[in-house]
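A short write-up of the structure that comes next.
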Amino acid sequence: MSQPNSPAVEKQSPSFSIDWKKVGRVMLKYFLPINPMTTQPDERGKDREDLLIRLDCIQSANGSNTCSKHFQKQSSQDKKLQYRELNLNNHQVERLFKQICDLDRQGRNRGKIAIVGESGTGKSLFLQTLARWMLETTDYIPIWISPEQLTTLSLREYLSQKWLTQCSKHYGKKQKLSPESWQTSFEALLESGRVWLFGDGIDYLLTESSNNSNESPLSLFKEQQKYTGNCHLILSCQTSTWKMQSQALAQFDIYQTKSLSSQTEIEQFVERWLHPYSSQRENSEIRRDLGANLSTLLSQPPNLSLQTWLNNPLRLSLLCRLWQKNPQTLPQAVASLYQVLVNEFYQWQAENTNVTATEQEPLNEFLTRLALTHRETGSSSAPISQEMIEDNASKLSLSLQLHWLRPMGIVTQLEKHNQYRFEDQTFEDYFAALGIDNWQYFLATETGKIEMFSEQWQHILLFWMGREDIASQEKEALIKALIDFKDECGQENFYGFRACLTAAMALSEFRDCSVKDAIIEQVFVWALPAFLTNSAIAKLQTIM
């Protein structure tokens, strides 16, 4: 196959004294992190690239908010690159990379690409897929850089010292060269335009220097890239990081990963994730149909509400890992679902950071206190301050290592200025719900407001209602308090109306509620025409 837009390099270039393609292949395998979306617990599906990723182009390099101008210049076939979903098992990766290279020729010396998206939507998976494709089909050399590798070193220092040293260690066994030869060849490679730097998860950029405390991780990484020759750059970060520091990526082409948007996409993801098991002849009948069985179960009416929480590829991957080991039943309450997802999260992370059961309990207690404290202080988008961490430096460090938490901005030795947030806000809601002991909490007015009417507390209330350790009497008491609520703000009782709707919403987590039928009937009366007969309402109740 032809090499798409590979830069011309003179054959006598010093970089050709070393086979950098082979070096790149060895080093990529050495540095790539384990990804739960592609690796089952027994590694049967390792490095599979047939999963569904939804990807939108949202900014071209001139800073506009759309790539439409570029697409208008392409053939009708290439216009399909503006997919709302990118399937990694076909030619879309190749075509997208050709598009990236084509954009690179439009008046720029170096390519600059950013992949932004919410936690668990496939940013790392896309970068890994692109890096492998680059090695196999082009002359480009991808170099994988994780932010923790830049804690004490600049980007240039890391490349010329640590990364190059690892090259000579892992590849030098086959080709004995002096350190000077490695350095000379590497300098020529950096200047050749053949290198793409892959900066994954730049949100996690830490530094021991206090000089960078006022600099954003995106701008710091971009600034350091200036000293790496003619290298191209592709990085990933959270959507919120990009929005707060958008100017740092003004000259980047930006693509955004998205959550799965439909039941069909969820089913496709599940069946592809579990395909390595479903295709094994030696497995039992139930294992041969793992993906189909899970998809069928998720599509059943009692489980449809779970799909709202499983449209995130990472959370869905965690469920698939669990299902692969124990394909029996699904928890119907979202709190029970998240309980097993948390347990599976630890088992996945054990492949990098092992946390024993005795360590998990105090860490979960720390996350519970932190989540509830953070939610009580204001908006969910507000940062978690260092003061909220209190004297829990070791648990903070472990939470960052496991990616329960992530830093906001660059974390330095000036701890009082450091800020954090939960990697996945739904897990924060789950942990916050674990910290609430009684139903009166949701109706308390000590702070001058009732928390349940805040949008960010709706999920917390649902998690609390689904907890198995909360007595049914407690849940009944909250439901009845909601339907009897009077706001004392006028005859309309507007908040009383909202409270009743909240009670109806909570029934999805407490299906044995004694007043369930009365709540459903009241909602139907409000929502449906007055001429609806009692028999019709009764039929609708049976469906619910």
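The values are calculated or read from the model by the stated rules, or taken from the named source; none is laboratory data. These numbers come from a predicted model, not from an experiment. Glycine gets a Cβ as well: all are built from the backbone with ideal geometry, and neighbour counts include every protein chain shown.
For region 388-406, name all the residues that are of a type outside the set (Ser, Thr, Tyr), under 22 Å from the mean Cα position of the chain (by Cα) and not in a loop (DSSP other than H, G, I, E, B).
Lys395, Leu396, Leu398, Leu400, Gln401, Leu402, Leu405, Arg406, listed by residue number.
Within region 437-445, identify whether any single residue is at pLDDT 90 or above, assigned to a loop (DSSP other than H, G, I, E, B) and either closer than 21 Å to Leu306 by Cβ or under 35 Å from the mean Cα position of the chain (by Cα) (or both), and answer yes or no.
Yes, the conditions are met somewhere in region 437-445.
Limited to region 359-387, what total is found for residues that are in a helix (DSSP H, G or I), modelled with pLDDT under 90 and more than 27 Å from Leu306 (Cα to Cα)?
So the answer is 3.
For region 446-480, what are the residues that are part of a loop (DSSP other than H, G, I, E, B) and at pLDDT 90 or above? Before you say what the answer is, go through the steps one by one.
Initial filter on region 446-480 (part of a loop (DSSP other than H, G, I, E, B)): 446-450, 454, 466-471.
Gly466, Arg467, Glu468, Asp469, Ile470, Ala471, listed by residue number.
Residues in region 233-274 that are small (Gly, Ala, Ser) and crowded, with 23+ Cβ neighbours inside 10 Å: how many?
1
Does Asn312 satisfy the criteria of being modelled with pLDDT of 90 or more and out of contact with any Ser or Thr (no Cβ under 7 Å at 6 or more places or on another chain)?
no
Can you tell me which residue within region 485-502, out of those that are of a type in the set (S, T, N, Q) and surrounded by fewer than 16 Cβ atoms within 10 Å (Cβ to Cβ), is modelled with the highest pLDDT?
Across region 485-502, the extreme among qualifying residues is Asn493.
Out of (1) under 21 Å from Leu150 (Cα atoms); (2) modelled with pLDDT under 90, the odd one out for Leu396 is which?
All conditions are met except number (2).
Does Glu521 qualify as being under 30 Å from His403 (Cα atoms) and among the acidic types (Asp, Glu)?
Numbers: under 30 Å from His403 (Cα atoms): no; among the acidic types (Asp, Glu): yes.
No; evaluated as a whole, the condition is false for this residue.
Looking at (1) of a type in the set (A, V, I, L, M); (2) in a loop (DSSP other than H, G, I, E, B); (3) crowded, with 20+ Cβ neighbours inside 10 Å, which is the one condition that is false for Leu330?
(3)
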